[in-house]
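*Asks:* Take a look at the following structure, please.
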Amino acid sequence: MKLPSSTATDLNKKGMKHLVSTQDLSKKELEEMMELMAMLKKARRDDSVPHLFKDKSVAMIFEAGSTRTRVSFETAATLLGGHALFLSPRDIHLGGKESIDDTARVLSRMCDIIMARTNGPETIDALIKMSTVPVINALDTRYHPTQILADFLTIKEHMPEGKKFEDMTMAFMGDATDVCRSLMLSCTRFGMSFKQIGPKKYHMEEEWVKIAEENCLESGATLEITDDVSRVSECDIIYGDSFYWSTQLDEKEERLAAFMPDYVITTELMKKARSGALLLHCLPANDKEEVTRDALESDYSVAFDEAENRLTAQMAILVYFTNPYRITPTQETLDYHKNRIEDFLKSI
Ligand code: CP
């Protein structure tokens, strides 16, 4: 008798989607994620998160360190009635005694979804090649999609009433990081105009600029890559990130000399932005480098709301991507989630 391999693999024969970049999601899908996040955030506020990940588990591979991503995914799985497994290269055979291909096959037979933070794109690409469950990129040096969903939820919660994403412009201060790249692609997808403001040497690579320009043609957003700090005067959101990643410590002095003091987010720089401009930062922040402590602690800073929203975003990701029959949620799908939440609220 041949037994089915696993619930997870059977389910996913029906179809599945990975999340490598927000570019994998259409504008409509991004908007659906926004709605799902809003519903799950309300449910958490009411202490009534429905168990939409019940009896499921997420394998969390961490090649690199993390506070927010690890804690938010682990807490999200628990809140939704499921389980998270923290797997660092010290805990499993990843890429050493066992290939990433075989690791993906084994994890797929036991877990319902895999998320990975890696020191390069190779691990994510190899996981996707062999995984029979969805793979979520939790930062691979190219993209950081799970961060960006939390960022847009935060912007939506704090933007002036009556304003739309299409009415706003974001400035990313600094290097063409994974966060910068993902923001550029998502802003231009949503119709929000985007500027990367930093020294020429660290400007976004042409191949990604081309993709964002194509998004602009569809959405009506504008895109500017510039070294001119005065361009913040046209911006409603000023976004900060570290001037160097943990694998770039050998470039630290050179990078700091290029970015400081011109591209540091200070209270003076915020005054030059549009009235009511918000300060976002993906954190961790270095308040002696890319942002000052007084700017980070000011009323216009929403960096810690943004960090909290990582939890909401991870809940939505776990629900959305382990629901293979509803790869592209329709209004019916959203109503399904809404009704589950409402039913659950009525039952307590
Ligand atoms: N912003 C972010 O990804 O934080 P962690 O590195 O702490 O996960």
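The values are calculated or read from the model by the stated rules, or taken from the named source; none is laboratory data. Model, not experiment: these values are computed from the prediction. So basically every Cβ, Gly included, is an ideal-geometry build from the backbone, and we count neighbours across all protein chains shown.
*Asks:* What's the number of the condition Ala84 fails, among (1) within 16 Å of the ligand (Cβ to nearest atom); (2) surrounded by fewer than 21 Cβ atoms within 10 Å (Cβ to Cβ); (3) of a type outside the set (Ser, Thr, Tyr); (4) without any contact (Cβ under 8 Å) to a residue 40 or more places away in the chain?
*Replies:* Going through (1) within 16 Å of the ligand (Cβ to nearest atom); (2) surrounded by fewer than 21 Cβ atoms within 10 Å (Cβ to Cβ); (3) of a type outside the set (Ser, Thr, Tyr); (4) without any contact (Cβ under 8 Å) to a residue 40 or more places away in the chain one by one, Ala84 breaks only (2).
*Asks:* Next up: Kindly establish whether Asp178 is at pLDDT 95 or above and in contact with a His (Cβ under 7 Å, 6 or more places away or on another chain). So that I can check it myself, show each step before the final result.
*Replies:* Values: at pLDDT 95 or above: yes; in contact with a His (Cβ under 7 Å, 6 or more places away or on another chain): yes.
Yes; evaluated as a whole, the condition is true for this residue.
*Asks:* Can you name every residue in the range 69-104 that is more than 25 Å from the chain's Cα centre (by Cα) and of a type in the set (Lys, Arg)?
*Replies:* Arg90, Lys97
*Asks:* Say we look at the range 165-184 and pick out the residues that are part of a loop (DSSP other than H, G, I, E, B) and out of contact with any helix residue (DSSP H, G or I) (no Cβ under 7 Å at 6 or more places or on another chain); which of these is surrounded by the fewest Cβ atoms within 10 Å (Cβ to Cβ)?
*Replies:* The extreme case among them is Met168.
*Asks:* Out of the residues in the range 87-129 that are charged (D, E, K, R) and surrounded by 24 or more Cβ atoms within 10 Å (Cβ to Cβ), which is farthest from Thr322 (Cα to Cα)? Walk me through it before giving the result.
*Replies:* Our first condition is that a residue be charged (D, E, K, R); within the range 87-129, this holds for 90-91, 97-98, 101-102, 105, 109, 112, 117, 122, 125, 129.
Filter again for surrounded by 24 or more Cβ atoms within 10 Å (Cβ to Cβ), leaving 112, 117.
On the way: Asp112: 7, Arg117: 19 Å.
The residue in question is Arg117.
*Asks:* Identify, from the list Asp305, Asp343, Asp294, the residue that is modelled with pLDDT of 95 or more, part of a helix (DSSP H, G or I) and more than 24 Å from the chain's Cα centre (by Cα). Before you say what the answer is, go through the steps one by one.
*Replies:* Values: Asp305 fails: more than 24 Å from the chain's Cα centre (by Cα); Asp343 fails: modelled with pLDDT of 95 or more.
Within the list Asp305, Asp343, Asp294, the selection yields Asp294.
*Asks:* Taking the residues in the range 219-240 that are of a type in the set (Asp, Glu) and touching a residue at least 60 places away in the same chain (Cβ under 8 Å) as candidates, determine which candidate is surrounded by the fewest Cβ atoms within 10 Å (Cβ to Cβ).
*Replies:* Restricting attention to the range 219-240, the residues satisfying the condition of being of a type in the set (Asp, Glu) are 224, 227-228, 234, 236.
Those left that are additionally touching a residue at least 60 places away in the same chain (Cβ under 8 Å): 234, 236.
Working: Glu234: 14, Asp236: 21.
Step by step, filter the range 219-240, then rank; the result is Glu234.
*Asks:* Looking at (1) acidic (Asp, Glu); (2) within 13 Å of the ligand (Cβ to nearest atom); (3) within 24 Å of Glu29 (Cβ to Cβ), which is the only condition Glu63 fails?
*Replies:* Status for Glu63: all satisfied but (3).
*Asks:* With respect to Asp125, determine if the residue is within 15 Å of the ligand (Cβ to nearest atom) and within 18 Å of the chain's Cα centre (by Cα). Reasoning before the result, please.
*Replies:* Numbers: within 15 Å of the ligand (Cβ to nearest atom): no; within 18 Å of the chain's Cα centre (by Cα): yes.
It is false that Asp125 is within 15 Å of the ligand (Cβ to nearest atom) and within 18 Å of the chain's Cα centre (by Cα).
*Asks:* Which number in (1) in a loop (DSSP other than H, G, I, E, B); (2) farther than 21 Å from Thr132 by Cα marks the one condition that Lys28 misses?
*Replies:* (1)
*Asks:* I'm told Arg326 meets every condition in (1) modelled with pLDDT of 95 or more; (2) in contact with a helix residue (DSSP H, G or I) (Cβ under 7 Å, 6 or more places away or on another chain) except one. Can you identify the failing condition by its number?
*Replies:* So the condition that Arg326 fails would be (1).
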